[in-house]
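The structure under discussion appears below in the form of structure tokens.
The values are calculated or read from the model by the stated rules, or taken from the named source; none is laboratory data. These figures come from a predicted structure and were not determined experimentally. Because the Cβ atoms are built from the backbone with ideal geometry, glycine has one as well, and the counts that use them run over all protein chains shown.
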Amino acid sequence: MTEAVLLTPGPLTTEAAVKAAMQVDWGSWDGAFNELTASVCRDLIAIVRAEPDHVCVPLQGSGTFAVEAALGTLVPRGGKVLVPDNGAYCKRIARILGYLGREAVVMPFAEHEAVSPGRIDAALAGDPAITHVALVHCETSTGILNPLTDIGAVVAAHGRRLIIDAMSSFGALPIDARVLAFDALIAASGKCLEGVPGMGFVIARRDALEGSAGQAHSLSLDLADQWQYLRKTGQWRFTPPTHVVAALRTAIDRYHAQGGREARLARYTKNCAALQDGMRALGFASFLPSALQAPIIVTFHSPPDPAYDFGSFYRRVRERGFILYPGKLTQVETFRVGCIGAIDSATLRRAVAAIGATVREMGIQRMAPR
Ligand SMILES: *Cc1c(COP(=O)(O)O)cnc(C)c1O
């Protein structure tokens with residue numbers, strides 16, 4: 001298999017050193033592995049400056065497992081969760097709450113519209129039974145950025161609890177627990193930290209987590225139990241994804257060596273600009289206005305030309321060495337290109353060239369809806 005560059009928001013392109021870190025087999029109860037887990041958790045907490053009041057609970061599985069664990073553990077059975085919805089990952093949260101039997105109030109927004117703090121303010125003022133707000137920071141289905149700081153202030157002013165799906169923003173976009181109150185901040189190994197997929201984690205407020213013992217609907221997704229066991233033994237409950245943790249350790253070392261969060265955001269911002277400029281020059285139209293666009297993943301309108309079809313477009317770009325991502329919108333035909341991973345703006349310019357060659361090869365003329 002020729003190795004292609006993944007322009008997908010997880011799994012994504014990783015550095016050779018990250019892949020090499022998986023060449024060692026670790027014993028799950030071995031002291032060296034426990035220290036590896038502890039050091040990764042310390043660093044994850046420090047990235048969002050949450051050392052004083054929060055703990056990091058790692059969890060086996062993809063990011064959704066960690067989202068489900070956080071909701072199932074921290075929202076009591078009588079809780080009521082406001083879910084602002086401007087995309088597929090918001091809808092997934094509402095769906096999870098349905099499975100958990102936790103009451104959800106979905107607040108719909110258009111997919112090209114950021115969540116409005118004012119509307120959340122009104123909803124919380126109007127419904128004192130709402131206990132939690134579950135917010136997706138960067139809605140990866142479009143790449144839209146929701147105003148986390150303003151929403152956090154509204155939620156705190158009403159004395160309600162905030163649960164944040166920061167899966168595709170953690171490590172790149174600014175999040176600072178010293179100025180943002182949250183009960184849970186959820187992310188995973190294989191996104192902006194540029195590790196491999198397989199491990200989620202929740203930065204949870206210690207007193208909220210400790211107060212939630214016995215609340216979870218599920219043994220394997222009980223974060224309070226996972227935390228108590230980790231605290232007592234230094235070990236994960238149940239088999240840990242040892243190679244994933246080792247790869248994440250190296251990925252975080254590389255993250256710090258490259259200048260940490262600011263440097264990562266700067267690289268992704270350049271990647272995103274190179275991608276958008278190049279695609280615009282080819283005639284493609286972005287789905288989002290640039291003011292709402294996070295430098296994580298960009299959604300483009302599919303060319304409304306009979307010569308275009310995503311399957312064939314994808315295969316031809318793949319043959320040129322780049323893996324694109326299908327769209328995830330309900331109303332309009334789109335495809336997505338990720339800006340994250342161990343790639344730089346030169347990679348994105350080569351990807352744009354591959355897309356341009358594919359467009360010419362397929363004879364696509366009409367590039368954008370009007
Ligand atoms: C990737 C992602 C998730 C988790 O998806 P998995 O496929 O379970 O890893 C959740 N929320 C957002 C916003 C994401 O980008």
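The figures follow:
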item	result
Considering residues of the range 71-80 that are assigned to a loop (DSSP other than H, G, I, E, B) and of a type outside the set (D, E, K, R) only, the residue farthest from the ligand (Cβ to nearest atom)	Gly78
Of all residues making up the range 312-370, the number that are in contact (Cβ under 8 Å) with a residue 24 or more places away in the chain, in a loop (DSSP other than H, G, I, E, B) and basic (Lys, Arg)	3
Some residue of the range 281-288 being over 24 Å from Glu194 (Cα atoms), part of a loop (DSSP other than H, G, I, E, B) and aliphatic (A, V, I, L, M)	yes
Test set (1) of a type outside the set (A, V, I, L, M); (2) under 23 Å from Glu139 (Cα atoms); (3) without any contact (Cβ under 8 Å) to a residue 12 or more places away in the chain - Glu51 fails condition number	(2)
Matching entry among Ala266, Ala247, Ala274, Ala251 (being outside any loop (DSSP other than H, G, I, E, B), aliphatic (A, V, I, L, M), exposed (fewer than 15 other Cβ atoms within 10 Å of the Cβ) and out of contact with any Phe, Trp or Tyr (no Cβ under 7 Å at 6 or more places or on another chain))	Ala266
Members of the range 311-325 that are farther than 20 Å from Pro11 by Cα and either among the acidic types (Asp, Glu) or touching a strand residue (DSSP E or B) at 6+ places or on another chain (Cβ under 8 Å) (or both)	Phe313
Residue within the range 35-52 that is at pLDDT 95 or above, under 30 Å from Gln331 (Cβ atoms) and among the small types (Gly, Ala, Ser) present	no
Of all residues making up the range 106-117, the number that are touching a residue at least 24 places away in the same chain (Cβ under 8 Å) and surrounded by fewer than 17 Cβ atoms within 10 Å (Cβ to Cβ)	2
Single match in Gly171, Gly190 (criterion: within 12 Å of the ligand (Cβ to nearest atom) and crowded, with 24+ Cβ neighbours inside 10 Å)	Gly190
Residue under evaluation Ala104, criteria (1) in contact with a strand residue (DSSP E or B) (Cβ under 7 Å, 6 or more places away or on another chain); (2) of a type in the set (Gly, Ala, Ser); (3) within 12 Å of the ligand (Cβ to nearest atom), criterion not met	(3)
Counted residues, the range 109-146 - those being away from the ligand (no atom under 16 Å from the Cβ) and closer than 14 Å to Phe287 by Cβ	3
Identity of the residue in the range 277-301, under 24 Å from the mean Cα position of the chain (by Cα) and free of Cβ contacts under 8 Å to residues at least 40 places away in the same chain, that ends up surrounded by the most Cβ atoms within 10 Å (Cβ to Cβ)	Phe300
All strands (runs of 3 or more DSSP E) inside the range 117-192 with 2 or more residues being assigned by TED's automatic domain parsing to the domain that holds Glu210 and more than 22 Å from Gly260 (Cα to Cα)	132-136, 161-165
Close pairs (8 angstrom Cβ cut-off, 6 or more residues apart or separate chains): closer than 17 Å to Ala187 by Cα in the range 252-266, acidic (Asp, Glu) anywhere	Ile252/Asp43; Tyr255/Glu194
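Residue-wise test of (1) modelled with pLDDT of 95 or more; (2) among the basic types (Lys, Arg); (3) closer than 21 Å to Gly61 by Cα.
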position: Gly195; (1), (2), (3): yes, no, yes
position: Gly200; (1), (2), (3): yes, no, yes
position: Arg205; (1), (2), (3): yes, yes, no
position: Ala208; (1), (2), (3): yes, no, no
position: Ser212; (1), (2), (3): yes, no, no
position: Gln228; (1), (2), (3): yes, no, yes
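Yes/no per residue for (1) free of Cβ contacts under 8 Å to residues at least 12 places away in the same chain; (2) within 16 Å of the ligand (Cβ to nearest atom):
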| site | (1), (2) |
| --- | --- |
| Val55 | no, no |
| Leu59 | no, yes |
| Ser62 | no, yes |
| Ala69 | no, yes |
| Leu82 | no, no |
| Arg95 | yes, yes |
